[in-house]
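The values are calculated or read from the model by the stated rules, or taken from the named source; none is laboratory data. Small disclaimer: the values here were computed from a predicted structure and weren't measured. Backbone-built Cβ (ideal geometry, glycine too); neighbour counts: all protein chains shown. Ligands, DNA and RNA are excluded from the accessible area calculation, which covers all protein heavy atoms including side chains. Shrake-Rupley method; radii C 1.70, N 1.55, O 1.52, S 1.80 Å.
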Amino acid sequence: MSHSVLFVCLGNICRSPLAEAALRQECAAAGLNVIIDSAGTGDWHVGHAPDERAQAVASRNGVDIGHLRARQVTTSDFHDFDHIIALDNQNLRDLVAMRPAHAVVNLSLLFDHVAGRAGEDVADPYYGAEDGFDQTWAEVTEAAKTIRQLLEIE
Ligand code: 4NP
């Protein structure tokens, strides 16, 4: 059985490409066949590669994300993916607002998949220090383990 997961943040150059990479790594290690993608609610960075700091932290953790290109969420994503996972509450609100009436997709917040952190935002590392990206990587990696288990039992 195949599943599909779309991660959504604001710019699709920092947090959601890292979440995509972390889940890709988890699923590959578990031999799980899952379609994984990411997108942004905003359009400022459409066509751009991930932020160099995001590329660096992914690379330090064994994943190359240099080929990824940012794209904006579309209404067809709500039909094409089984799960759409927002990186923060504002992204989740934006997704709820644009969800087509008949879409059956599971919308959730990334931290709802981490015990004890439900409802929290993955902080945006874009304007912060370099080590913010290490924190983002740790957070999305922790969530990816639970999301992988969810996909395995579905
Ligand atoms: P992301 O970070 O949502 O994690 O990709 C951001 C990147 C760029 C901008 C905002 C957030 N921006 O406003 O350009």
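If amide H atoms are built 1.01 Å from N in the plane of the peptide, which residues on other chains or at least 5 residues away come under 5 Å of the amide H of Gln72?
Under 5 Å from the amide H of Gln72: Gly40.
How far, in nm, would the chain grow between Gln149 and Val96 when pulled straight, counting 0.36 nm per residue and subtracting the alpha carbon separation? Kindly include the intermediate steps, with their values, before the conclusion.
On the way: separation 53, 0.36 × 53 = 19.08 nm, distance 2.48 nm.
Gain on stretching Gln149 to Val96: 16.6 nm.
Given a Förster distance of 25 Å, report the FRET efficiency between Ala49 and Glu130 from their Cβ-Cβ distance, rounded to the nearest 0.05. Spell out each step's value before the answer.
Values: r = 18 Å, r/R0 = 0.70.
So, using R0 = 25 Å, E works out to roughly 0.90.
Could you work out how much longer the chain between Ser4 and Ala138 gets when fully extended? Use 0.36 nm per residue separation minus the Cα distance between them, nm to one decimal. Mind showing how you got there, number by number?
Values: separation 134, 0.36 × 134 = 48.24 nm, distance 2.22 nm.
Contour length minus Cα-Cα distance gives 46.0 nm.
What number, in percent, do you get for the relative contact order of the chain if the mean sequence gap of Cα pairs under 8 Å and at least 6 apart is divided by its residue count? Intermediate results must be reported in sequence, preceding the final value.
Numbers: 286 pairs, mean separation 42.2, N = 154.
27 percent.
Compute the Cα gyration tensor for the stretch 3-153, then decide on rounded, prolate or oblate, letting a ≥ b ≥ c be the square roots of its eigenvalues: rounded whenever a/c is under 1.5, prolate when a/b is larger than b/c in the other cases, and oblate in all that remain. Mind dumping the intermediate values first?
Values: a/c = 1.38, a/b = 1.15, b/c = 1.20.
Cα axes put the stretch 3-153 in the rounded bin.
What shape does the stretch 87-154 take by its C-alpha gyration tensor, where a ≥ b ≥ c are the square roots of the eigenvalues and a/c under 1.5 counts as rounded, a/b above b/c as prolate, and the rest as oblate? Intermediate results must be reported in sequence, preceding the final value.
On the way: a/c = 2.56, a/b = 1.30, b/c = 1.97.
Oblate is the answer for the stretch 87-154, as a/c is 1.5 or above yet b/c matches or exceeds a/b.
Accessible surface of Cys9 in the full protein assembly, 1.4 angstrom probe, to the nearest 10 Å²?
The accessible area comes out at roughly 0 Å².
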